[in-house]
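For reference, the structure is listed below as structure tokens.
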Amino acid sequence: MSVLQKPHSRATVLKTPSANARLTRLVSAAPIRSRAPEEGDFQIPLWSVPLILVILYVCLFSGLGALGLVGPDEPRYAAIARAMAETGDWVTPRLWGTPWFEKPVLYYWAAGISMRLFGVSEFAARLPSALAALLAVVSVAWTALRSFGVRAAWFSLLMLPTSVAMIGFSRAASPDMLFAGLLTASMAIAVEILQKQRPGAGLRIAFGFSLGAAVLAKGPAAVILAGGATLLWAALSRQWLAAFRFLHPLIIAVFCATALPWYILCALRNPDFLRVFIWQHNFERYLTPVFEHRQPFWYYGPILLLAIFPWILFLVWAIPDAVKCFKTGAHFQSPTLFFASWAAFPVLFFSLSQSKLPGYIVPAIPPLFALLGNRLSHLLQNSTNTAQRLLGWTGALFLFLSLPLLAEIVVGIRNMDRPEYALAGGVAFVVGSVVTILAFKKQPTAALLGVVLLIALCVLAANVVVLPRLDSRISARPLARKMKEADPTLSHIATYDLSRNWTYGLNFYFNQQLPEWTRGSGEPEWILGGSMLDRTIERRYDIGLDELTPENRDLIFVFHHF
């Protein structure tokens with residue numbers, strides 16, 4: 001059975017407009033013409049609906065608490081959100097009582113509400129990112145459906161949530177995924193606006209609101225990325241007047257009503273807000289390496305390939321074809337050119353920045369999968385052999401990646417001290433072999449589903465085996481639990497020469513800002529320090545230590561001083 005067996009089913013109506021609607025689009029003044037009417041017959045099996053729901057849950061929502069908060073950013077953002085939830089001050093972000101204007105307020109609102117609903121936990125801190133990732137996937141599937149048809153939408157629903165970028169950033173307690181999800185929603189609405197001869201008020205309100213919310217998530221970069229991508233498309237398609245559709249008074253009014261109230265209120269309460277946030281954390285961050293995130297111009301090339309893994313070969317294959325189509329002008333009125341501009345502009349813009357981090361180009365990932373879903377749809381219709389080869393080599397890629405892991409087990413380099421290596425290598429080898437065989441046996445759809453299921457299995461394995469074992473090495477959560485068991489009051493504790501990652505992490509889990517210990521500042525009962533502490537503290541400060549406990553393989557030392 002299939003959901004498209006009946007000619008008047010809902011999916012068929014969404015896929016193929018009537019002849020009159022098609023004629024209207026062809027003769028209208030809409031800047032972009034949908035390619036959905038060109039799609040051939042395509043049937044979606046009934047089992048694909050629960051499959052997609054399972055994939056979305058496993059890849060975006062499962063294991064949100066399997067790993068403690070890591071790095072300096074996650075515990076810092078979570079601490080600010082917790083402070084908002086506890087104090088009821090939803091205007092001024094504060095880190096341990098001090099105003100903190102690095103990012104706007106939307107993530108703190110979302111995480112603070114989540115903590116009030118579910119309690120303070122890693123799950124609550126990361127839930128906004130997981131929901132934003134779901135918003136991005138649904139937005140891409142919707143705009144792919146409207147622009148290219150049901151087949152492209154179905155492939156994008158399978159491919160986008162199984163990419164490394166979506167899996168990773170949906171589990172990050174940070175504004176990056178929230179910003180990318182809202183920007184994806186606004187750009188998907190922009191595509192719909194450009195496909196209409198006269199966009200309705202509903203579309204304009206939705207676009208203004210989603211873009212305004214993106215500004216609340218990460219600042220003026222939302223306007224720069226959305227506007228820059230639109231202008232790039234207008235220049236390439238020679239449709240400059242179309243860009244003025246987004247300056248409609250209703251759009252501007254809704255955008256301002258959404259984005260500006262918090263900025264105005266926060267600036268009134270905090271005179272330094274605009275200088276610190278706008279100048280230091282936006283202009284200086286972009287124009288200077290003041291925050292020490294300098295990287296070469298080509299930095300985002302490898303990052304982009306890693307972000308779309310395991311679908312790298314599809315992108316590499318599609319680039320020459322896209323260049324050829326652009327030279328012939330075949331896509332000037334197609335949604336393809338807008339999606340390409342949408343994906344390219346964030347990469348180009350941040351490649352020029354003096355400060356580069358992987359999360360900056362997350363907004364470029366969703367439109368890429370609208371394009372890849374469309375190209376895979378065309379391949380399976382017109383060039384099945386090419387699709388089979390790409391899927392076969394994707395399966396072989398997993399085989400190549402599994403060999404070093406299996407080799408380490410066989411030769412005993414790590415033996416069974418690292419069972420996660422055996423699990424990951426075994427799963428990748430078996431499923432990669434199955435995918436390769438299916439592809440070269442001329443069953444490309446089954447091979448595609450094999451890749452998707454392999455990614456889901458890897459995520460589940462990581463949640464159950466890999467992340468718990470990594471927890472004590474990269475997160476402060478296990479150490480904080482041990483400390484609370486040893487001394488529930490934690491009334492006399494200090495740090496010594498700790499990295500920012502451990503300092504922010506311990507501060508969050510202890511729910512207090514730990515003091516830095518120096519000579520003459522007293523003798524706290526507990527001292528947490530880096531690997532140099534055991535060689536420094538007794539020699540330089542002549543303090544007797546009754547207990548020394550190395551944690552995390554020399555990353556943290558715990559001194560218990562009586």
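The values are calculated or read from the model by the stated rules, or taken from the named source; none is laboratory data. Computed from a prediction, not measured in an experiment: that's the story for all the values here. Note that we place each Cβ from the backbone using ideal geometry, even for glycine, and neighbour counts take in every protein chain shown.
Count of segment 259-279 residues, restricted to those that are over 17 Å from ILE224 (Cβ atoms) and either under 25 Å from the mean Cα position of the chain (by Cα) or touching a residue at least 60 places away in the same chain (Cβ under 8 Å) (or both), is 8. For beta carbons closer than 9 Å, sequence separation of 6+ or different chains, a first residue in segment 382-396 that is over 15 Å from ILE308 (Cα atoms) and a second that is surrounded by fewer than 20 Cβ atoms within 10 Å (Cβ to Cβ) and basic (Lys, Arg), the qualifying pairs are THR384/LYS442; ASN385/LYS442; GLN388/LYS441; GLN388/LYS442.
LEU371: in a helix (DSSP H, G or I), at pLDDT 70 or above and not assigned by TED's automatic domain parsing to the domain that holds VAL191, yes or no? Judged against the criteria, LEU371 is not a match.
Within segment 137-185, the set of residues being closer than 13 Å to PRO366 by Cα, in a helix (DSSP H, G or I), among the small types (Gly, Ala, Ser) and under 19 Å from the mean Cα position of the chain (by Cα) comprises SER139, ALA141, SER156, ALA165, ALA180, GLY181, ALA185. Tell me, please, whether a residue that is assigned by TED's automatic domain parsing to the domain that holds THR394, over 26 Å from ALA79 (Cβ atoms) and modelled with pLDDT under 75 can be found in segment 428-441. Checked against the condition, which is being assigned by TED's automatic domain parsing to the domain that holds THR394, over 26 Å from ALA79 (Cβ atoms) and modelled with pLDDT under 75, segment 428-441 yields at least one hit.
All conditions in (1) touching a helix residue (DSSP H, G or I) at 6+ places or on another chain (Cβ under 6 Å); (2) closer than 28 Å to MET187 by Cα; (3) of a type in the set (A, V, I, L, M, F, W, C) hold for ALA267, with the sole exception of (2). For ALA130, indicate whether it is more than 16 Å from PRO367 (Cβ to Cβ) and part of a helix (DSSP H, G or I). So ALA130 passes the test.
Take the conditions over 30 Å from GLN280 (Cα atoms) and either at pLDDT 95 or above or in contact with a helix residue (DSSP H, G or I) (Cβ under 6 Å, 6 or more places away or on another chain) (or both) and apply them to LEU95. Does it pass? Answer is no for this residue.
PHE179: under 30 Å from ALA447 (Cβ atoms) and crowded, with 21+ Cβ neighbours inside 10 Å, yes or no? When the stated conditions are applied, PHE179 does not pass them.
In segment 65-77, the count of residues that are among the basic types (Lys, Arg), assigned to a helix (DSSP H, G or I) and in contact (Cβ under 8 Å) with a residue 40 or more places away in the chain is one or more.
Please go through (1) crowded, with 22+ Cβ neighbours inside 10 Å; (2) of a type in the set (Ser, Thr, Tyr); (3) out of contact with any helix residue (DSSP H, G or I) (no Cβ under 6 Å at 6 or more places or on another chain) for SER121 and return the number of the only condition it doesn't satisfy. Among (1) crowded, with 22+ Cβ neighbours inside 10 Å; (2) of a type in the set (Ser, Thr, Tyr); (3) out of contact with any helix residue (DSSP H, G or I) (no Cβ under 6 Å at 6 or more places or on another chain), the lone unmet condition for SER121 is (1).
Per the conditions (1) surrounded by 15 or more Cβ atoms within 10 Å (Cβ to Cβ); (2) in contact (Cβ under 8 Å) with a residue 40 or more places away in the chain, the sole criterion not satisfied by PRO289 is (1).
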